[in-house]
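To start, the structure under review is shown below, and the notes come after it.
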Amino acid sequence: MATEISIGNLTQPINESTDQLILYTLHLADNALILGQRNAEWTGHGPVLEQDIAISNIALDLIGQARMLYQYAATLINQATNQLINHSTNPAHTEDTLAFFRTGAEYKNCLLVELPRGDWGVTVLRQFFFSTYQYFLYHELKNSADETLAAIAEKSFKEVTYHMRWSAEWVIRLGDGTEESHDRMQKALDQLWAYTGELLTPGDFETEPDGKIVVDLRSIKVAWTNKIQEVLSTATLQIPENKWQQSGGKQGRHTEHLGYILSEMQYLQRTYPNAQW
Amino acid sequence: MNQEEIFQQKVDTEVRIEPKDWMPDKYRQTLIRQISQHAHSEIVGMLPEGNWISRAPTLQRKAILIAKVQDEAGHGLYLYSAAETLGISRDEMIAQLHSGKAKYSSIFNYPTTTWADMGAIGWLVDGAAIMNQVPLCRTSYGPYARGMVRICKEESFHQRQGFEILLVLSKGTDEQKAMCQDAINRWWWPSMMMFGPKDDESPNTQQSMKWKVKRFTNDELRQRFVDICAEQIKILGMNIPDSDLKWNAEKKHYDFGQINWEEFWNVVSGNGPCNKERLDARVKAHEEGAWVREAANAFAEKQKQRAHKNSVAA
Ligand SMILES: [Fe+2]
Ligand SMILES: [Fe+2]
């Protein structure tokens with residue numbers, strides 16, 4: 001059973017760099033999938049029809065990115081484990097075994113993406129933080145020595161450029177809209193700010209001595225911060241003074257929300273584990 | 001010839017009626033009612049399928065389902081725009097939906113309780129919608145006809161995707177087969193009702209046919225639907241839940257059983273299993289979006305004033 005392979009705890013790494021590449025790819029995939037899942041909660045419930053379509057589109061883009069990344073991770077895992085374990089006892093991994101049969105502790109997404117969608121203000125502000133991160137991340141990842149990751153980044157870069165622009169426009173529009181919208185945005189910022197630090201703080205799989213495959217988050221932190229400050233200031237919003245930042249997602253230590261996301265998302269696969277859909 | 005005669009002559013000779021053309025008031029009202037009802041159906045129709053996005057069984061199915069529901073939102077947009085050319089605003093139409101004055105297709109008042117419902121809806125509900133809508137691509141009102149061309153292309157895609165979901169289930173485990181048959185059992189009769197009352201109880205049909213807003217009667221379209229589904233079900237190896245369904249060699253059509261019209265009128269009048277949930281969900285989304293729409297308007301207004309100030313200063 002594929003379900004019995006614990007991806008998060010490859011206890012016997014084939015070699016460290018492969019192990020790291022798998023975890024890094026899964027981390028990028030998990031970020032995209034969980035935020036895609038969250039955004040799709042808006043489908044059919046958006047504040048206006050055009051924006052219902054826009055947020056669904058972003059969800060689709062993110063799930064598309066997640067699929068490419070999981071497919072790649074599955075290939076890497078299958079290659080790696082075939083060297084060690086008899087193939088017949090371990091059916092191959094796929095994008096779906098990785099998405100539907102890992103536990104919360106094995107998910108490596110940042111906490112930011114698993115938080116509830118909140119009101120439209122929380123949703124667009126979270127999107128803006130995340131898309132700006134993805135924008136600078138993919139911009140660098142396009143030059144990764146790993147050709148597959150570079151190609152995925154290349155393919156996704158245009159999408160996230162649009163996501164960043166769309167969400168920045170909404171942050172400004174709502175921050176500088178009415179008194180109510182301003183208050184709601186400030187509240188959203190106060191709530192979300194403590195979850196932004198993790199995006200740019202390297203996890204174990206994001207530190208690489210020679211820095212050829214993985215994006216060095218320190219190299220994009222300044223650009224991210226500048227862009228965020230510029231847009232928030234145009235939106236007349238104040239970054240909270242409390243500098244405390246939450247973390248843990250990259251190590252598999254999540255908020256209480258992730259368990260609910262996974263139990264809903266994984267329900268059919270786990271209820272009928274041998275079925276094709 | 002008077003205006004009415006000129007109008008009817010255009011209709012008779014298949015010249016499209018355009019927004020600026022003269023048209024009888026009743027024609028306009030009929031179209032507003034029909035197009036807005038159609039638009040509302042697209043929007044409310046997002047809810048039963050949206051219900052399974054978070055639980056779709058594979059990532060590919062999830063993506064296809066989001067795209068499908070999003071297509072329906074797009075259909076709603078085209079149709080609201082087409083109705084607006086007749087002199088009613090989207091806000092007014094939405095207010096009519098929320099107050100209960102405007103109707104939407106009753107099919108969406110049924111619950112989606114299993115994944116197989118995503119297949120059954122695509123196959124049967126989108127399938128029935130196509131039967132109704134393909135003739136509308138040639139309907140007499142130009143903006144409606146053009147909108148329908150685009151919509152029909154996507155609907156037939158949805159229909160194939162739905163059938164494919166069922167096909168996979170029909171070849172799956174025993175549990176999946178049971179799920180598949182159960183969904184067909186639940187969606188078959190409500191889909192048959194989508195064509196509306198029998199011809200002799202459909203008072204508006206005559207006039208709509210004369211205006212070429214409608215080109216086939218309810219019963220004609222329903223028969224066509226039965227004939228197609230009765231063949232397609234064989235590929236699935238499932239059953240249509242109608243013991244009277246059989247091929248009639250003389251008529252060259254399938255005979256079928258009695259529709260439960262009492263259920264139909266009950267659901268139309270608000271007593272379906274999900275009427276309240278569907279409308280509540282729409283109203284909630286609209287009300288919770290109010291501050292967003294207000295802020296967007298306020299911001300646009302500020303931007304305009306800023307641009308004006310700048311141009312004055314320059
Ligand atoms: Fe549609
Ligand atoms: Fe459709």
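Amide H contacts of B:HIS253: B:ASN248, each under 5 Å away and 5 or more positions distant or on a separate chain (H built 1.01 Å from N in the peptide plane; Pro and chain starts excluded). Legend: translational diffusion of chain B by Stokes-Einstein, Rh = Kirkwood radius over C-alpha pairs, 37 °C, 0.692 mPa s; D = 154 µm²/s. When the protein assembly as shown is described by a simple charge dipole with +1 on each Lys and Arg Cβ and -1 on each Asp and Glu Cβ, the residue from B:GLY50, A:GLN79, A:LEU199 located farthest towards its positive end is B:GLY50.
Computed from Cα positions, the angle between helix A:49-84 and the longest principal axis of chain A comes to roughly 30 degrees.
How high is the FRET efficiency from B:GLN60 to A:ALA105, r the C-beta distance, R0 35 Å, rounded to 0.05? Please list the in-between numbers first.
Details: r = 26 Å, r/R0 = 0.74.
The value I calculate is 0.85.
Give me D for the stretch B:135-251 in µm² s⁻¹, whole number, from Stokes-Einstein with Rh from the Kirkwood sum over alpha-carbon pairs, 10 °C and 1.306 mPa s. Could you put the intermediate results ahead of the total?
Numbers: Rh = 16.4 Å.
Value of D from the Cα-based Kirkwood radius: 97 µm²/s.
Against chain A, whose longest principal axis comes from its Cα atoms, helix A:147-175 is set at around 20 degrees. Report the normalised scattering of the stretch B:1-109 as log10 I(q)/I(0) at q = 0.14, 0.16, 0.18, 0.23 Å⁻¹, calculated by the Debye formula with identical scatterers on the alpha carbons. For the requested q values the scattering log ratios are -0.67, -0.79, -0.90, -1.16. Reducing the stretch B:271-314 and the stretch B:132-170 to their Cα centroids gives an inter-centroid distance of 31 Å. The eigenvalues of the Cα gyration tensor, multiplied by 5 and square-rooted, give the stretch A:213-277 an equivalent ellipsoid with semi-axes of 37, 17, 14 Å from largest to smallest. From its DSSP helices (H runs of at least four residues, each -39,500 (n - 2.57)), chain B gives a residue-normalised ellipticity at 222 nm of -21000 deg cm²/dmol. Dividing the radius of gyration of the alpha carbons in chain A by their Kirkwood radius gives 0.97 for Rg/Rh. In the structure shown, the pairs B:LYS210/B:LYS251; A:LYS142/A:LYS212; B:LYS214/B:LYS252; B:LYS103/B:LYS276; B:LYS20/B:LYS212 are assessed against 20 Å; a Cα-Cα span above that value is assigned to B:LYS210/B:LYS251; B:LYS214/B:LYS252.
Quick check on chain A: helices-only [θ] at 222 nm, where DSSP H runs of length 4 and up contribute -39,500 (n - 2.57) each and the sum goes over total residues. Nearest 500, please. Before the final figure, lay out each step's value.
Numbers: 10 runs with 167 residues, N = 277.
Helix-only estimate at 222 nm: -20000 deg cm²/dmol.
Phi angles across the stretch B:22-37 convert, under the Karplus curve 6.51 cos²θ - 1.76 cosθ + 1.60 with θ = phi - 60°, into 3J(HN,Hα) values of 5, 8, x, 4, 5, 4, 4, 5, 4, 5, 4, 4, 5, 5, 5, 4 Hz, Gly and Pro given as x. With neighbour counts taken as other beta-carbon atoms within 10 Å, the residues A:SER17, A:SER181 rank, fewest first, as A:SER17, A:SER181.
Once the mean 1/r over all distinct Cα pairs of the stretch B:226-314 is inverted, what Kirkwood radius in angstroms do you read off? Can you show the working numbers first?
On the way: mean 1/r = 0.0523 Å⁻¹.
For the stretch B:226-314, the Kirkwood estimate is 19.1 Å.
Going from the fewest other Cβ atoms within 10 Å to the most, the residues B:ASP255, B:ASP242, B:ASP117 appear in the order B:ASP255, B:ASP242, B:ASP117.
Dipole orientation for the protein assembly as shown: of the candidates A:GLY211, A:PRO91, B:TYR110, B:TYR110 has the Cα lying most toward the positive pole (charges on Cβ; Lys, Arg +1; Asp, Glu -1). Dipole magnitude for the stretch B:135-205: computed about the Cα centre from +1 point charges on Lys and Arg Cβ and -1 point charges on Asp and Glu Cβ, it is near 380 debye. Given +1 at the Cβ of Lys and Arg, -1 at the Cβ of Asp and Glu and no other charges, the dipole of the protein assembly as shown around its Cα centre is 1020 debye to the nearest 20. Charge dipole (Cα centre; +1 on Lys/Arg Cβ, -1 on Asp/Glu Cβ; no other charges) of the stretch A:2-271 amounts to roughly 60 debye.
When Rg and Dmax are taken over the Cα atoms of the protein assembly as shown, they come to 27.0, 90 Å. Using the Karplus relation 6.51 cos²θ - 1.76 cosθ + 1.60 with θ = phi - 60°, the per-residue 3J(HN,Hα) values for the stretch B:38-50 come to 5, 4, 4, 4, 4, 6, 5, x, 5, 6, x, 7, x Hz, with x marking Gly and Pro.
Expressed as a whole percent, the proportion of Cα-Cα pairs in the stretch A:49-174 lying more than 23 Å apart is 42%. Its Cα gyration tensor gives the stretch B:53-97 an equivalent ellipsoid. The semi-axes, each the square root of 5 times an eigenvalue, are 31, 11, 4 Å from largest down.
None of the figures in this text is laboratory data; all of them are computed from the coordinates on show. Being a predicted model, the structure only gives us computed values, none of them experimental. With ideal geometry, Cβ positions are generated from the backbone for all residues, glycine too; neighbour counts draw on all protein chains shown.
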